[in-house]
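Q: Pasting a structure here, questions to come.
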Amino acid sequence: MPMKNTARQLPKKNTPRLSSLSRVAGAISAPKLSLSVQYVLAAKSLPRWRLRRWIERAVAYGANESVNNVQLTLRLVGSVESQRLNFGYRTKPKPTNVLTFAYNESNTDALIFADIVICTPVLKEEARAQGKAYLDHAAHLIVHGTLHALGYDHIKPAQARLMEGLERKILASLSIDDPYGAEIK
């Protein structure tokens, strides 16, 4: 007997397209998104349409008004590649959940270029350990990486509050619970 898929499916129909969100805050249209997805590991529950939906939402909420084009490459990798990149760029000898390589001088550039690397084994383990739905945690990491590409950071407490607040808004707009739960808001 086939097993029933209990993963929460996000709605595809009747969801407003980003162009209709009008940059969420006003009459400014959302930046044009060019997205390349590279699957080093198979990820059947993370099809391109779903990843694009999450990224589009993050761009609509997070892009500076001067941004009119966003070009991203999203790469879903295993632990070995993630560890190699994490050590090479951050001198940390272990795989990590998400790395973002933004190539702009400023988050006010009209064109944003970035690569986002998601380690799917770390993503799965974190979701399990934190008792979160896999797709909810995946959405959070994709949104988090996209916000880094747009120039957000969380090194200083004020930056962290801004970025985490934006993550909460974006995820709530996707009907995903607060990823930080009971942590300080």
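The values are calculated or read from the model by the stated rules, or taken from the named source; none is laboratory data. The model shown is predicted, which means the values in this text are computed figures rather than measured ones. Counting neighbours? That spans all protein chains shown, and the Cβs are built from the backbone with ideal geometry, glycine included. Please note that ligands, DNA and RNA were not included when accessible areas were found on the heavy atoms of the full protein model with its side chains. Shrake-Rupley method; radii C 1.70, N 1.55, O 1.52, S 1.80 Å.
Q: Of all residues being among the charged types (D, E, K, R) and assigned to a loop (DSSP other than H, G, I, E, B) in the range 88-100, which is most open to solvent (accessible area, probe 1.4 Å)? Just the residue, please. Even if it seems obvious, please write down each step before you answer.
A: Let us first name the residues in the range 88-100 that are among the charged types (D, E, K, R), namely 90, 92, 94.
Right, trim to assigned to a loop (DSSP other than H, G, I, E, B) and you get 92, 94.
Numbers: K92: 88, K94: 126 Å².
The selected residue is K94.
Q: Let me ask another. Report whether or not A138 is closer than 24 Å to S36 by Cβ, of a type in the set (A, V, I, L, M) and touching a helix residue (DSSP H, G or I) at 6+ places or on another chain (Cβ under 7 Å). Can you show your working first?
A: On the way: closer than 24 Å to S36 by Cβ: yes; of a type in the set (A, V, I, L, M): yes; touching a helix residue (DSSP H, G or I) at 6+ places or on another chain (Cβ under 7 Å): yes.
In short, yes.
Q: Is it fair to say S106 is open to solvent by 80 Å² or more (accessible area, probe 1.4 Å), assigned to a loop (DSSP other than H, G, I, E, B), out of contact with any Ser or Thr (no Cβ under 7 Å at 6 or more places or on another chain) and within 18 Å of V59 (Cα to Cα)?
A: no
Q: What do you reckon, is T15 at pLDDT below 95 and more than 17 Å from the chain's Cα centre (by Cα)? It would help to see each step written out before you state the result.
A: Working: at pLDDT below 95: yes; more than 17 Å from the chain's Cα centre (by Cα): yes.
In short, yes.
Q: Across the range 43-74, which residue is modelled with the lowest pLDDT among those that are touching an Asp or Glu at 6+ places or on another chain (Cβ under 8 Å) and among the polar types (S, T, N, Q)?
A: Checked the range 43-74; the qualifying residue modelled with the lowest pLDDT is S66.
Q: Can you tell me which residue is surrounded by the most Cβ atoms within 10 Å (Cβ to Cβ) among those in the range 29-44 that are among the small types (G, A, S) and without any contact (Cβ under 8 Å) to a residue 60 or more places away in the chain?
A: Result: A30.
Q: Moving on. Is it true that some residue in the range 116-136 is out of contact with any strand residue (DSSP E or B) (no Cβ under 7 Å at 6 or more places or on another chain), modelled with pLDDT under 95, among the hydroxyl-bearing types (S, T, Y) and surrounded by fewer than 22 Cβ atoms within 10 Å (Cβ to Cβ)?
A: No.
Q: Given the criteria farther than 22 Å from S45 by Cβ, β-branched (V, I, T) and open to solvent by 20 Å² or more (accessible area, probe 1.4 Å), does I112 qualify?
A: No.
Q: If you scan the range 45-87, which residues turn out to be among the hydrophobic types (A, V, I, L, M, F, W, C), part of a helix (DSSP H, G or I) and surrounded by 16 or more Cβ atoms within 10 Å (Cβ to Cβ)? Give the steps one after another, and end with the answer.
A: Taking the range 45-87 first, the residues among the hydrophobic types (A, V, I, L, M, F, W, C) are 46, 49, 51, 54-55, 58-60, 63, 67, 70, 72, 74, 76-77, 80, 85, 87.
Subsequent filtering for residues that are part of a helix (DSSP H, G or I) retains 49, 51, 54-55, 58-60, 80, 85, 87.
L51, W54, I55, A58, V59, A60, L85, listed by residue number.
Q: Oh, and also: Within the range 145-167, which residues are open to solvent by less than 30 Å² (accessible area, probe 1.4 Å) and under 18 Å from E56 (Cα atoms)?
A: G145, T146, L147, A149, L150, M163, G165, L166, E167
Q: Every residue in the range 45-56 that is under 13 Å from the mean Cα position of the chain (by Cα) and in contact (Cβ under 8 Å) with a residue 24 or more places away in the chain, please.
A: L46, R50, L51, R53, W54, I55, E56
Q: Let me spell it out: the conditions are (1) among the β-branched types (V, I, T); (2) closer than 17 Å to E126 by Cα; (3) free of Cβ contacts under 8 Å to residues at least 40 places away in the same chain, and V98 meets all of them except one. Which number is the exception?
A: Evaluating V98 over (1) among the β-branched types (V, I, T); (2) closer than 17 Å to E126 by Cα; (3) free of Cβ contacts under 8 Å to residues at least 40 places away in the same chain leaves (3) as the failure.
Q: Sticking with this one: How many residues are in a helix (DSSP H, G or I) and over 13 Å from W54 (Cβ atoms) when one looks only at the range 124-148?
A: 9
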